[in-house]
Amino acid sequence: MKPLVLVLNGPNLNLLGTREPAQYGHETLADLAQGCADAAHAQGLEIEFRQTNHEGELIDWIHGARNRCAGIVINPGAWTHTSVAIRDALVASELPVIEVHLSNVHKREPFRHLSFVSSIAVGVICGLGSHGYRMALAHFADLFREHAA
């Protein structure tokens, strides 16, 4: 059975491709989902790819991952800088987490430099666009192979 990784995306990521393309690129959320599915398949992983603009829904998905998934890749969007609740849900999941951002948050407004997720994540990837998601999935595949050996 292939390890299942939950790939979660927060608010406004449904607008990818049209929202600030100079910052976030021209890929749509559907393009991102397909790229993740292709990368997961190539790495021997299964994924569930989701996006929401509702914080409680994201927290429910994280809770549901416990005892069901092998890891979580998350781009919390603006909730990165504001949500202790998402951080606490990720901790409670007891799963390895990789935080991903399309843009380099450290080259942006100072309020984007704070992340409630980074301190509990096994890794953080930012500024590499959709490639960051593929890197996160590749890292999980390596981690799961090492764990299985």
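Only the coordinates and a few stated rules stand behind these numbers; no lab work does. For clarity, every value in this text was computed on a predicted model and none was experimentally measured. Cβ sites come from the backbone with ideal geometry, for glycine too, and all protein chains shown count toward neighbours.
For the modelled label position 7 Å from the Cα of ASN104 along Cα-to-Cβ, which residues of region 1-23 have backbone nitrogen atoms closer than 20 Å? Answer for region 1-23: 20-23. For region 84-89, backbone phi angles converted through the Karplus equation (6.51, -1.76, 1.60; θ = phi - 60°) give residue-by-residue couplings of 5, 4, 5, 4, 5, 5 Hz, Gly and Pro being listed as x. On a full-extension model of 0.36 nm per residue, what is the gain between HIS26 and ALA149, subtracting their alpha-carbon distance, rounded to one decimal in nm? Length gained, HIS26 through ALA149: 40.3 nm.
Suppose a student asked you for the relative contact order of the chain, using Cα pairs under 8 Å spaced at least 6 residues apart; what percent would you report? Each step should come with its number before you reach the end.
Details: 250 pairs, mean separation 40.3, N = 149.
Across the chain, relative contact order equals 27 percent.
Across region 76-82, computed HN-Hα scalar couplings (Karplus, 6.51 cos²θ - 1.76 cosθ + 1.60, θ = phi - 60°) run x, x, 4, 5, 3, 9, 9 Hz from first to last residue, x flagging Gly and Pro.
What order do you get for HIS131, HIS139, HIS101 when you list them from fewest to most C-beta neighbours inside 10 Å?
Values: HIS131 14, HIS139 18, HIS101 24.
By the 10 Å Cβ count, ascending, the order reads HIS131, HIS139, HIS101.
Using 0.36 nm per residue and subtracting the Cα-Cα separation, the extra length available between GLU94 and SER119 on full extension is 7.6 nm. Phi angles across region 59-70 convert, under the Karplus curve 6.51 cos²θ - 1.76 cosθ + 1.60 with θ = phi - 60°, into 3J(HN,Hα) values of 4, 4, 5, 5, 4, x, 6, 4, 6, 10, 10, 9 Hz, Gly and Pro given as x. Taking amide hydrogens as placed 1.01 Å from N in the peptide plane, the amide H of ILE125 sits under 5 Å from those of GLU99, VAL100, HIS101, each at least 5 positions away in sequence or on another chain. Ranked by the mean number of other Cβ atoms within 10 Å of their residues, highest first, the peptides 68-76, 1-9 come out as 68-76, 1-9.
Annotation: amide H of GLN51 within the under-5 Å range of ASN9, sequence separation 5 or more or interchain, hydrogens built in the peptide plane.
Counting Lys and Arg as +1 and Asp and Glu as -1, each charge on the Cβ, what is the dipole of region 4-148 about the Cα centre in debye, to the nearest 20?
Taking the Cα centre of region 4-148 as origin, the dipole is about 240 debye.
Taking every alpha-carbon pair under 8 Å whose residues sit at least 6 apart, region 67-109 reaches a relative contact order of 55 percent.
Find out how many positive minus negative residues lie around GLY56, taking Lys and Arg as positive, Asp and Glu as negative, among other residues whose Cβ is under 15 Å from that of GLY56. Once positives and negatives cancel, what remains is -2.
Projecting the Cα positions of PRO76, HIS139, THR28 onto the charge dipole of the chain (unit charges on Cβ atoms of Lys, Arg, Asp and Glu, taken about the Cα centre) puts HIS139 furthest along the positive direction.
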